[in-house]
Amino acid sequence: MAQNKNNVRMADIAKELGISTVAVSKALNNQKGVSEELRARVKELAEQLGYRSPAQMRRLQGKTDYNIGVLIADNYLGNSDSFYWKLYQEVTARAMKKDCFVLLELLSKDDAQAHRLPKLVTEDKADGLIIIGKPPFDYAKALKNAWHKPIVYLDFYDSDISADSVISNGFYGTFLLTQHLIERGHKDIGFVGTLLATDSITDRYLGYTKAMLEHHLPIRPEWILPDRDPDTGLSIPLQFPKEMPTAFVCNCDFTAAALIDQLKAKGLRVPYDVSVVGFDNYLVSGIHTIPLTTYSVDLHEMAHIAVRAVLKRILGDPWKLGMHVSAGELIDNGSVRDLKRE
């Protein structure tokens, strides 16, 4: 097989041996899923052909620029001003400072459900991948098992997968927000967010729960309002209970804005009738709502850590595997009524 050594790809090795590119990848990277006999054959042929990974080729050529893939489920990008677009822009800005290119690919619901790999992976375009926002249908797990290159999860994590992840402090943030409500005299407090839809929402619910338990306040099931379909992640109308609490803790600002709109439609005013707090300190332009008390997330720091992590993995530099939590702060914008002063 005549082959320019500088252009040898995993696909060439796979074709020569009559196996899949995924099998070649697992063999070269000492992953499970191939026999030791096949692993030896793959490595022997790779050595004969002079195969080098894109990262190795850049290093040999003295280059330091890498292609960082970014994968986002398309349901997170309702418009060009969404939270995840902003996070993507922060990642791009940080990568450019490191002389790296960012390649964006959107993940459709059908591709996620079928566990189809992105072109960034199948065409070997990226040296590492950052997934922004948890994809549906256990897609992150399927991708992690199929691809040998570095993957970093941004704004979510999966406890079943050994991977780098960067998240905001959802547990502590909603604990502080709930404490803020309690300190202002609220005892009947609900939570808005679909439990188990994402790890982040569940963590934020647990922060709310901790504050309620510490103050011996009841957590009423009818005051826990789902805000999205757990499979698709798409928003659903909120179903209000007959007896309303005096306040709601929302899992994100977008949900808080939707809640305020639906409360307004029922003739209820925020904060005079119902107090509302959000999470992220990021509202999409065009959403008209009152100034919102929220927990501010440091998007710049999260993007910085994610890019640093994926580059460390690409270069093979020492880096502690695991979850990296970015701190934030409570921002009081007046959407909470102070019952103690009345």
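The values are calculated or read from the model by the stated rules, or taken from the named source; none is laboratory data. Just so we're clear, the structure is a prediction, and the values are computed from it rather than from any experiment. Counting neighbours? That spans all protein chains shown, and the Cβs are built from the backbone with ideal geometry, glycine included.
Just a yes or no: is a residue in region 265-282 surrounded by fewer than 17 Cβ atoms within 10 Å (Cβ to Cβ), without any contact (Cβ under 8 Å) to a residue 24 or more places away in the chain, in a helix (DSSP H, G or I) and in the same structural domain as PHE191 (by TED's automatic domain parsing)? Checked against the condition, which is being surrounded by fewer than 17 Cβ atoms within 10 Å (Cβ to Cβ), without any contact (Cβ under 8 Å) to a residue 24 or more places away in the chain, in a helix (DSSP H, G or I) and in the same structural domain as PHE191 (by TED's automatic domain parsing), region 265-282 yields at least one hit.
For region 213-230, taking the residues that are part of a loop (DSSP other than H, G, I, E, B) and over 22 Å from the mean Cα position of the chain (by Cα), the one that is surrounded by the fewest Cβ atoms within 10 Å (Cβ to Cβ) is identified as HIS216. Residues in region 290-342 that are assigned to a helix (DSSP H, G or I), among the basic types (Lys, Arg) and surrounded by fewer than 16 Cβ atoms within 10 Å (Cβ to Cβ): 2 in all. Pairing each residue of region 305-323 that is more than 19 Å from VAL70 (Cβ to Cβ) with any residue that is part of a loop (DSSP other than H, G, I, E, B) and modelled with pLDDT of 85 or more, provided the two are 6+ apart or on different chains, yields C-beta distances under 8 Å for MET323/TYR157. Taking the conditions (1) touching a helix residue (DSSP H, G or I) at 6+ places or on another chain (Cβ under 6 Å); (2) at pLDDT below 80; (3) not in a helix (DSSP H, G or I) in turn, GLY78 satisfies each one other than (1). Name, by its number, the condition in (1) at pLDDT 95 or above; (2) surrounded by 15 or more Cβ atoms within 10 Å (Cβ to Cβ) that does not hold for SER235. With respect to (1) at pLDDT 95 or above; (2) surrounded by 15 or more Cβ atoms within 10 Å (Cβ to Cβ), SER235 is out only on (1).
Note on region 148-183: residues that are among the polar types (S, T, N, Q), under 23 Å from LYS32 (Cβ atoms) and crowded, with 24+ Cβ neighbours inside 10 Å amount to 1.
Screening region 113-147 for residues that are farther than 24 Å from LEU299 by Cβ and crowded, with 21+ Cβ neighbours inside 10 Å and picking the one that is modelled with the highest pLDDT gives VAL121.
Taking LYS340 as the residue in question, decide whether it is touching a Lys or Arg at 6+ places or on another chain (Cβ under 8 Å) and basic (Lys, Arg). It is true that LYS340 is touching a Lys or Arg at 6+ places or on another chain (Cβ under 8 Å) and basic (Lys, Arg).
Residue under question is ARG94, and the condition is that it be among the basic types (Lys, Arg), at pLDDT 95 or above and assigned by TED's automatic domain parsing to the domain that holds ARG313; does it hold? Against the criterion (among the basic types (Lys, Arg), at pLDDT 95 or above and assigned by TED's automatic domain parsing to the domain that holds ARG313), ARG94 qualifies. Would you confirm whether or not region 4-17 contains a residue that is over 22 Å from LYS144 (Cα atoms), of a type outside the set (Asp, Glu), modelled with pLDDT of 85 or more and not in a helix (DSSP H, G or I)? No, region 4-17 contains no residue that is over 22 Å from LYS144 (Cα atoms), of a type outside the set (Asp, Glu), modelled with pLDDT of 85 or more and not in a helix (DSSP H, G or I).
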